[in-house]
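The structure appears below as structure tokens.
The values are calculated or read from the model by the stated rules, or taken from the named source; none is laboratory data. What you see is a predicted model; the values in this text were computed from it and never measured. Cβ: placed from backbone, ideal geometry, glycine included. Neighbour counts: every protein chain shown.
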Amino acid sequence: MSGSGVDAAEVHAGFRELHERLGWGSRVYALGFGPKETCGVPTATDAFRLYVTRKHPRAALSATARLPRNICGVPVDVVEDAVPIVHAGGVLTARRRPVEMGDGISHEEVLNGSMGAVVRWEGRPGRYLLSCAHVLAPAGLGNRRDWVYQPEVAEGGRVRNNRIGRLVAWTRIRFGAHENTVDAALAHIEPDEDAVVNEIGIADVALKARHYLTQPEAEQRRVTGPVVKRGRTTGITSGRVVDWAWTGRIRVYDSRGRLRSARFRGQLRVKGAGDRPFSSPGDSGAVVVERGSSKMVGMVIAGSTTASIVTPAWRVLNVSNQWKVDLAEPQAPLGGP
């Protein structure tokens, strides 16, 4: 294993070694891998990243408390950041018709989230809304055929003419030692598809069918240029992928409204451009697109004040034993900022 050109198998081997050495204790809550940064600027050298909620000077730590400087010959960066939290919630929005990508939608028991994309389910008629499970099917509260609303319930959305679809499928978030990979849900667009949804892209990037990252790690690593998303809280924002492999803890609400820790594997970590956050509460479900290739990179599920956690597109669109969907056509671009 070298400091550059590290392949996916080597990264996973490094993650296993780090996990065996460090465990999932209070010190390290996540492991990442991506370009090493110097003064916030990515370099050509790969690095493992250890995420902690508080970083201490190395000299102030005992020998047993010090984190490794390298693993398998690859440098290790220690990064201080808050544990990511699901990005549901946020300020309220008005009723919009047609609903566009990034507009606020929610299950009747959730304050808010974002509409991701319009998709078609292989072998099934009609079109579907894609968003996060914690937006459309909150833990323990979602039931098949529940209504999805726009605007949200807190804004008076829980009335008949604000219904835009029915919940049909979702992934379940498990807590404890179980590793989650996807937080996603689908709602069948009802009652009038054409009146409800405008299939639309983001900024000057148009979404197209079969145009998303399909290879797990190999293709994710090539996303080096800017990515964009449109969310209901922060609108259109730009950023870049800083970890193409991220595994760690995310704070998620359970059925009693308590924040609990859930482990997620195989995610992306995205930082916003400049001092602006890439996403904020209310942006969960927003689709992330690579500006240069126009490919769907993934979907926002959580974040902190400094970065967002994004589930890769290939995981969101193809959930084993549950669904296989593709981006509906056409999804024309929205005028840029």
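Name the single residue that is farthest from the chain's Cα centre (by Cα) among those in the range 104-121 being part of a loop (DSSP other than H, G, I, E, B) and surrounded by 24 or more Cβ atoms within 10 Å (Cβ to Cβ).
Ranking the qualifying residues of the range 104-121, first place goes to V110.
Please find, among R54, R66, R97, the residue that is more than 28 Å from G235 (Cβ to Cβ) and either surrounded by 11 or more Cβ atoms within 10 Å (Cβ to Cβ) or at pLDDT below 80 (or both).
Numbers: R54 fails: either surrounded by 11 or more Cβ atoms within 10 Å (Cβ to Cβ) or at pLDDT below 80 (or both); R97 fails: more than 28 Å from G235 (Cβ to Cβ).
Only one candidate qualifies: R66.
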Practice task
Please work out if E80 is within 26 Å of L317 (Cα to Cα), at pLDDT 80 or above, surrounded by fewer than 17 Cβ atoms within 10 Å (Cβ to Cβ) and acidic (D, E).
Solution key: no
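Residues to consider are A47, A60, A8; find the one that is modelled with pLDDT under 80 and closer than 17 Å to L268 by Cα.
Residue meeting the stated conditions: A8.
Table: residues versus (1) in contact with an Asp or Glu (Cβ under 9 Å, 6 or more places away or on another chain); (2) crowded, with 17+ Cβ neighbours inside 10 Å; (3) in a loop (DSSP other than H, G, I, E, B).
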residue: E37; (1), (2), (3): yes, no, no
residue: L50; (1), (2), (3): yes, yes, no
residue: L130; (1), (2), (3): no, yes, no
residue: R145; (1), (2), (3): no, no, yes
Practice task
Please indicate, with yes or no, whether at least one residue in the range 304-319 is surrounded by 20 or more Cβ atoms within 10 Å (Cβ to Cβ), at pLDDT below 90 and part of a strand (DSSP E or B).
Solution key: no
Problem - Inter-residue pairs, beta-carbon under 8 Å, first in contact (Cβ under 8 Å) with a residue 24 or more places away in the chain and in the range 302-321, second assigned to a helix (DSSP H, G or I), 6+ apart - result: P312/P216; P312/Q220; W314/P216
Practice task
May I ask you to verify whether S238 is surrounded by fewer than 21 Cβ atoms within 10 Å (Cβ to Cβ), touching a Lys or Arg at 6+ places or on another chain (Cβ under 8 Å) and at pLDDT 90 or above?
Solution key: yes
Fill in the blank from the handout: If we keep only residues of the range 247-289 that are closer than 20 Å to S131 by Cβ and of a type in the set (S, T, Y), then the residue surrounded by the fewest Cβ atoms within 10 Å (Cβ to Cβ) is S255
Exercise for the section: Inspect all residues belonging to the range 162-173 and state whether any of them is modelled with pLDDT of 90 or more, of a type in the set (A, V, I, L, M) and out of contact with any helix residue (DSSP H, G or I) (no Cβ under 7 Å at 6 or more places or on another chain). Expected result: yes
Practice task
Quick one: which residue in R251, R258 is modelled with pLDDT under 90 and of a type in the set (D, E, K, R)?
Solution key: R258
Completion exercise
Just one listed residue, out of V289, V270, is within 24 Å of V148 (Cβ to Cβ) and assigned to a strand (DSSP E or B), and it is V289
Practice task
Kindly indicate whether any position in the range 261-272 is farther than 20 Å from Y29 by Cα and of a type in the set (D, E, K, R).
Solution key: no
Exercise for the section: Report, by residue number, each residue of the range 234-267 that is over 22 Å from D46 (Cα atoms), among the polar types (S, T, N, Q) and assigned to a strand (DSSP E or B). Expected result: T237, S238, S261
